[in-house]
Amino acid sequence: MNIGIATVFNSMNDGSFWQSMMLKRELEKRGHRVSFLKVPDNPERPALTATIIGRIAKYLIRDGVTGCYKYILSIKEFAEDQKQFDEIKVEEAGKLDLIILGSDMIWCREGKPYFDKYHEFFWGELFHNVPIATYAGSCGSMHDVADREWLQKAVGRWKKISVRDDNTYRIIKEGTEADINIVCDPTLLVTADEYRSLMKGYVNSERYILLYMFSNLTSEQGKQIISFAEEKKLKIVSLIRRQRNMPRNSAFVAVNSPYRLIEYYAKAEYVITDTFHGSIFAILFGKDFVTINHGKTQVNEVVTSLGYADRIVDKTAPFLPKLVESVDFTVNQHKLDLLRAKSIEYLENCLE
């Protein structure tokens, strides 16, 4: 079967990369050819170029020539990694046997201008005479769709439907009487061992705490982590951003790429995150972790659904006591195993 996937696959975002990659791999394991549909007129490129130029300037000012050079190398790594995704244009969709919408927050039209602007693509309205299935699509933290008639029309074209969270289930259910399955994010379709098999030996044997955060820790939280790291002789590794409340000589901002990310997760002693995929990888790799609560529905729901609601801490609360409290992952492993099996079954039904 010739399958096209409509999702975010070519941004410099580790979660987007791995959700695309693992869905692709699962389809290819079953003998299918997989391509990724490009958003019409490829609007990512100018926006991405502007973003990259801005970040290069920031790295140059903040970290000098060395920091700037490392960032440029990370761009090159991302570009090389993304060559694994075969791309096709919307105009070529007619040659496909099936189109899969998802995963990720592709249906979030509230607070996400990109997804709103290109909703005809991400909701499948541009694809005609080709069966459409969805896999783990999400509306993110969006509360509702104002145009119910439009919603019913869009969802009515989908032959098989799955979402990745309860909030999206509620929204999509208002547009159809069809069965809707809740499945796992594609990054959870495989075990940690499959990720480990893809590692390239980027990370040395130093012991460290991993910070994978879009936001900054508070000053008090920063002091806790610095003190704890010194006591345990742990390095502090920050991915995504340099933490504002960390001394420059106390934190190392790693050069980031998808394959480096999974290796940093696999070898971390502790993980602090506030992201969706950051929480998933902490659970997958069995790390003592906390997820900082910034009110993101999709983040809190995935952590809770897998049985780790007690690892969610308020964004301003001291979290060190929770972080050092060991997680017994065997207690909730069955929840992940069942969800993974159900998700694979749904995916295989889409391919019949």
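Every number here is computed from the coordinates shown, using simple stated rules; none is lab data. Just so it is clear, the model here is predicted, and its values are computed rather than measured. Using ideal geometry, Cβ is built from the backbone for each residue, glycine included, and neighbour counts are taken over all protein chains shown.
So if I place +1 on the C-beta of Lys and Arg and -1 on the C-beta of Asp and Glu, and nothing else carries charge, what would the dipole magnitude of segment 192-332 be about its Cα centre? I want it in debye, nearest 20. The partial results should precede the final answer.
Details: 18 positive and 15 negative charges, 126 e Å.
Charge dipole, segment 192-332, about its Cα centre: 600 debye, nearest 20.
For the chain, calculate the relative contact order in percent as a whole number, restricting contacts to Cα pairs under 8 Å that are 6 or more residues apart. Provide the component values of the computation, followed by the final result.
Working: 590 pairs, mean separation 51.7, N = 352.
Worked out over the chain, it gives 15 percent.
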Per residue of segment 228-242, what does 6.51 cos²θ - 1.76 cosθ + 1.60 with θ = phi - 60° give for ³J(HN,Hα)? Whole Hz please, x for Gly and Pro, Karplus curve as stated. 5, 5, 5, 5, 8, 6, 10, 7, 10, 10, 10, 9, 6, 8, 6
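Is the shape of segment 173-237 rounded, prolate or oblate, going by the alpha carbon gyration tensor and its root eigenvalues a ≥ b ≥ c, with a/c under 1.5 for rounded and a/b larger than b/c for prolate? Display every interim value, and only then the final one.
Numbers: a/c = 4.41, a/b = 1.68, b/c = 2.63.
Taking the square roots of the gyration eigenvalues as a ≥ b ≥ c, segment 173-237 is oblate.
Once you order the gyration tensor axes a ≥ b ≥ c over the Cα atoms, which shape class does segment 141-295 get: rounded for a/c under 1.5, otherwise prolate or oblate by comparing a/b with b/c? Let's see the in-between values first.
Numbers: a/c = 3.24, a/b = 1.96, b/c = 1.65.
Prolate.
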Between 0 and 90 degrees, rounded to the nearest ten: what's the tilt of helix 14-29 against the longest Cα principal axis of the chain? 50
Two-site label geometry, ALA178 and LYS235: point separation in nm, points 7 Å out along Cα→Cβ: 4.9
To the nearest 10 degrees, how steeply does helix 258-267 sit against the main Cα axis of the chain, on a 0 to 90 scale? 50
Ranked by GNM mean-square fluctuation in the chain (Cα springs under 10 Å), the top entry among VAL34, VAL302, VAL65 is VAL65
Mind telling me which of ARG164, ARG340, ARG196 comes out most flexible in a GNM of the chain, alpha-carbon contacts under 10 Å? ARG196
Please work out whether segment 1-42 counts as rounded, prolate or oblate from its C-alpha gyration tensor, where a ≥ b ≥ c are the square roots of the eigenvalues and a/c under 1.5 means rounded, while otherwise a/b larger than b/c means prolate and anything else oblate? oblate
Acute angle (nearest 10 degrees) that the helix 333-350 long axis makes with the longest principal axis of the chain, alpha-carbon atoms: 30
